[in-house]
Amino acid sequence: MSSITPPLPEGAGYAVVVGLGALFAVGMILTTYMLRRYQKEIITAEEFATAGRSVKTGLIAAAVVSSWTWAATLLTSTSMAYKVGISGPYYYASGACVQIVLFSTLAIKCKQKAPNAHTFLEIIKARYGKVAHSVHIFYALATNVLVTAMLLTGGSAVINELTGMNNIAACFLLPVGVIVYTLFGGIKATFLTDYAHTIVIIVIILVFAFTTYACGSKLGSFGEVYRLLREAAKRHPVDGNAGGEYLTMRSRSGGIFFVINLVGNFGTVFLDNGYFSKAFSSSPAAALPGYILGGLVWFAIPCLCASVLGLACLALENHPDFPTYPNRLTPDQVSAGLPLPTAAFVLLGKGGAVAALLLIFMAVTSAMSAELISVSTVFSYDIYRSYINPNAGGKKLIFTSHAACVIFGFAMSGFAVGLYYANIFMGYLYELMGIIISSAVVPCVLTLFWKRQNTVAVTVSPILGTGLAIMSWLVCTKSKYHEITVETTFMDDPMLTGNVVSLLSPAVFIPILTYVFKPQNFDWSIMKEDITRVDETQEILMAEKSKQNQQDSDEDVQYRSRNRRSSEDVSYEQSIEEDDKRDHNVGLEDKGTIEHIDPILSAVDERTNTRQMNKQLEEEEKLLRKASKIASYLSIFFVLSFIILWPMPMYGTGYIFSKRFFTGWIVVLIIWLFFTAISVILFPLWQGRHGIYTTFRGIYWDISGQSHKLREWQSDHPEELHVVQSQLSARLHEGEMHAIDDEI
């Protein structure tokens, strides 16, 4: 591999990874404190996993965009642009965009059929039992492991190239700040940091876009980039591209990658509990527009980023400032995702290297926070609560969630180091991923869309699919290249074969197994009966008790326990232990007493009107049924547009872009990214303007010595407090027994 001298000092790598990571952690801790003080967002077990199930459209879209913008999103798309030209960015973006749009239908079904769920695996368990549940836990965790491994291997490789920072140190230090702020803020922390990360990513991509196509000294115009790309095709024409050109959508290698990308990303979206967590966290009205908007605006990020930096890397490889000049980047360097930082450095020097470093750091940390939440909720609700301690209270679930975050984060660091020493790069993992996990996609989708799928089908089909996919992958490798190595298994045809078999083979197995072993006739209402929320009463009471003690340390505040103890003080630790022991024995009379003593629960109790809530529930179900139909129509339209109507005519004709067409193509992508900025930067601010106002007003009252006004406002307007809204939502679905009349 041709050596590349890092353009930045090693200290810059540690400054960003450790310093910026610590800054985000401190900022998130401070934000969590402010939300708790001014909005009454108390981090209970439910809040940690679902953010009160009330997140609005803009923040859902921003979180989807940020979570789906991995290191692989930027690095792999840019590498594909360097390898095959203008088709690479489109095939990456469209091949990963449609899954988010299609997932909106699944998100709506989850809100309809299992409104109290925390993970999709709870739905599997409620319908099929423990054996199927255990099988799908494996696939969910395998998805998280592969995604996190790609984040760390890709991120550490880029940081090493830009700064010379040790790869192993980068693998272990990258998760630290993410773990800290996730522990303090839960999924709400991921929403807020995702928002901040998305701003940085969009701004940096726009800077590179204008530098490359408008005002840079190295390129600076559409015409110059176009000329250099045509010259590059003459020097080293692309095998399988129309005319060997880089400026064409007809690319054999690009088309194969398109299918691999399309297949593999079904698994990473439909099996990653992080996307289900966002669906469960959304308000009913936000689930559909949040995912549709998120998928559409996300498209511009990888497509423009790769069309800028990937094509710039191609155009500049004959420039004396190119790090490997006069040589091209090697296949290993391309697989490691190095075209992006290389182009950034050549375009803007050290400033470009810093921007690329920030870009990758933001992509790695934002996606990793979602993976931590995903694993922690699976461990807490599907392993600990399901099999170890079914009566676990909120405090113990919070503890297990925290433990899972820490253990998984550092375990993945060790795994990424092992991959580094084995010379397994991000590009290899990206294409391998679909072979391993995609066989579980169809059974999972049919769990909510087909009431006749039985337990044998949902349990056995993914196992058969994965086995058959691995066999097909290796047999194709051996038959075509006569040996099985990392290099030969990474070739296009074996990867394509394994990915397609993995996704589609269960579609053959499921109907056979279902009708051989007798179809189910599942009653959807069972999911609403069996999947329950965690009672947050004790956690809210303890949080309020702690706050009251801080405000009035001289006053003797008695602990208001469920069994109405005497006025003796009970320690915080003792109260938690006793709550966990007695949580399932709480009587209705005791619970009612607590609610009338505590002002928050009393406010919830006053606003609990059975008739009004039944009406609200009916309206919510009506809204979700309508959203389900709209999601289906939109999914069909956008899938046809992105996969067939847009690319196929240009692929079939072998059209080679003219300079005018190339200019228009890039301009459209730049406009699209501005639309992305409006949707995920300005729109969330507009939707959250009231909460922002009340927070800053509370800060002003505290600073100016008028804290009493904050307490008075909270007492007079409990309906505006997050904890009250969250508890009202819980009451709305508490004991809900209505079956959804979908006939499938």
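The values are calculated or read from the model by the stated rules, or taken from the named source; none is laboratory data. As the structure is a computational prediction, the values presented were derived from the model and not from experiment. All Cβ positions, even for glycine, are placed from backbone atoms using ideal geometry, and neighbour counts span all protein chains on display. The area values use the complete protein model at the heavy-atom level, side chains included, leaving out ligands, DNA and RNA. Shrake-Rupley method; radii C 1.70, N 1.55, O 1.52, S 1.80 Å.
A compact table of results
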read-out: Among (1) buried (at least 22 other Cβ atoms within 10 Å of the Cβ); (2) under 22 Å from the mean Cα position of the chain (by Cα); (3) of a type outside the set (A, V, I, L, M) - the single one residue 402 does not satisfy; value: (1)
read-out: Pairs where the first residue, in segment 148-159, is within 12 Å of residue 371 (Cα to Cα) and the second is aromatic (Phe, Trp, Tyr) and surrounded by fewer than 24 Cβ atoms within 10 Å (Cβ to Cβ), C-beta under 7 Å, 6+ apart; value: 149/415
read-out: Unmet criterion (only one of (1) more than 21 Å from residue 673 (Cα to Cα); (2) outside any loop (DSSP other than H, G, I, E, B)) for residue 304; value: (1)
read-out: Test: residue in segment 657-674 that is in contact (Cβ under 8 Å) with a residue 40 or more places away in the chain and over 28 Å from residue 225 (Cα atoms); value: no
read-out: Selection count, segment 58-106, where residues are open to solvent by 10 Å² or more (accessible area, probe 1.4 Å) and modelled with pLDDT under 85; value: 1
read-out: Qualifying residue in segment 670-678 (condition: closer than 26 Å to residue 55 by Cα and more than 24 Å from the chain's Cα centre (by Cα)); value: no
read-out: Top-ranked residue of segment 684-703 - restricted to ones that are in a helix (DSSP H, G or I) and small (Gly, Ala, Ser), ranked as modelled with the lowest pLDDT; value: 691
read-out: Where residue 527 falls short, out of the listed (1) among the aliphatic types (A, V, I, L, M); (2) touching a Lys or Arg at 6+ places or on another chain (Cβ under 7 Å); (3) open to solvent by 70 Å² or more (accessible area, probe 1.4 Å); value: (3)
read-out: Residues that are of a type in the set (D, E, K, R), at pLDDT below 90 and over 20 Å from the mean Cα position of the chain (by Cα), drawn from segment 107-135; value: 113
read-out: Failed criterion for residue 148 (all others in (1) in a helix (DSSP H, G or I); (2) more than 30 Å from residue 645 (Cβ to Cβ); (3) touching a Ser or Thr at 6+ places or on another chain (Cβ under 7 Å) hold); value: (3)
read-out: Condition check for residue 173: open to solvent by 10 Å² or more (accessible area, probe 1.4 Å) and either without any contact (Cβ under 8 Å) to a residue 12 or more places away in the chain or over 28 Å from residue 448 (Cβ atoms) (or both); value: yes
read-out: Search result, residues across segment 176-212 that are among the hydroxyl-bearing types (Ser, Thr, Tyr), open to solvent by 10 Å² or more (accessible area, probe 1.4 Å) and under 20 Å from the mean Cα position of the chain (by Cα); value: 195
read-out: Selection from segment 479-501 of residues that are open to solvent by 60 Å² or more (accessible area, probe 1.4 Å) and either over 21 Å from residue 331 (Cβ atoms) or in contact with a Lys or Arg (Cβ under 9 Å, 6 or more places away or on another chain) (or both); value: 479, 484, 491
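Yes or no, residue by residue, for (1) more than 19 Å from the chain's Cα centre (by Cα); (2) part of a helix (DSSP H, G or I):
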| residue | (1), (2) |
| --- | --- |
| 261 | no, yes |
| 321 | yes, no |
| 328 | yes, no |
| 340 | yes, yes |
